[in-house]
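S.K.: If you scroll down you'll find the structure; I have some questions about it.
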Amino acid sequence: MTPLVLRLLVLVAIGGGAWIAAGWWQRRRGAIRLPLAAGVTLVTGPGCALCGPVERALRRAGVQPRVTEVGSLDLPGPPIRSLPVALVVDGSGRVLLRRSGRAALDDVASIAQRAATL
């Protein structure tokens, strides 16, 4: 094996191990609880091209989301890397469903269905 291939294999093994360990840690910690009211919260930000379409699609599906700016939130857990983020939160603050970016628009029906169970 060439040294380059060997280096790539080592990097993949280390990266894969870190990814598995991070997933194990998240499952061990349990569900993330947020200081948000029950229902659907739509996290938006400046320059977000999908925020408006996702909000309109949620309203057409019968969901009245609370729209919140990303800068005004201090959320625990994984950082928000793409906007918008649709969060379905139960009465205890547990996140039941999280969709971000294009997935928030593609999964409006499942967000509305999950919100209807609250």
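S.K.: Of all residues in the range 45-60, which are surrounded by 15 or more Cβ atoms within 10 Å (Cβ to Cβ) and either among the hydrophobic types (A, V, I, L, M, F, W, C) or closer than 19 Å to LEU96 by Cα (or both)?
M.R.: Passing the criteria: CYS48, LEU50, CYS51, VAL54, GLU55, ALA57, LEU58.
S.K.: Same structure again: For the range 88-95, state whether one or more residues are in contact (Cβ under 8 Å) with a residue 60 or more places away in the chain and part of a strand (DSSP E or B).
M.R.: Yes, the range 88-95 contains at least one residue that is in contact (Cβ under 8 Å) with a residue 60 or more places away in the chain and part of a strand (DSSP E or B).
S.K.: Residue check, VAL88 against (1) open to solvent by 50 Å² or more (accessible area, probe 1.4 Å); (2) of a type outside the set (Asp, Glu); (3) touching a Leu at 6+ places or on another chain (Cβ under 6 Å), all met but one. Which one?
M.R.: The failed condition is (1).
S.K.: I would also like to ask the following. With the structure loaded, tell me whether ARG114 is in contact with a helix residue (DSSP H, G or I) (Cβ under 9 Å, 6 or more places away or on another chain) and not aliphatic (A, V, I, L, M) or whether it fails that test.
M.R.: No, not satisfied.
S.K.: Restricting to the range 68-102, name every residue that is of a type in the set (A, V, I, L, M) and under 19 Å from GLN113 (Cα atoms).
M.R.: VAL85, ALA86, LEU87, VAL88, VAL89, VAL95, LEU96, LEU97
S.K.: Answer yes or no: is there a residue in the range 10-26 that is open to solvent by 40 Å² or more (accessible area, probe 1.4 Å), modelled with pLDDT under 85 and under 23 Å from ALA104 (Cα atoms).
M.R.: Taking every residue of the range 10-26 in turn, at least one turns out to be open to solvent by 40 Å² or more (accessible area, probe 1.4 Å), modelled with pLDDT under 85 and under 23 Å from ALA104 (Cα atoms).
The values are calculated or read from the model by the stated rules, or taken from the named source; none is laboratory data. Quantities reported herein were computed from a predicted structural model and do not represent experimental measurements. With ideal geometry, Cβ positions are generated from the backbone for all residues, glycine too; neighbour counts draw on all protein chains shown. To get the accessible areas, we keep the full protein, side chains included, count just its heavy atoms, and leave off ligands, DNA and RNA. Shrake-Rupley method; radii C 1.70, N 1.55, O 1.52, S 1.80 Å.
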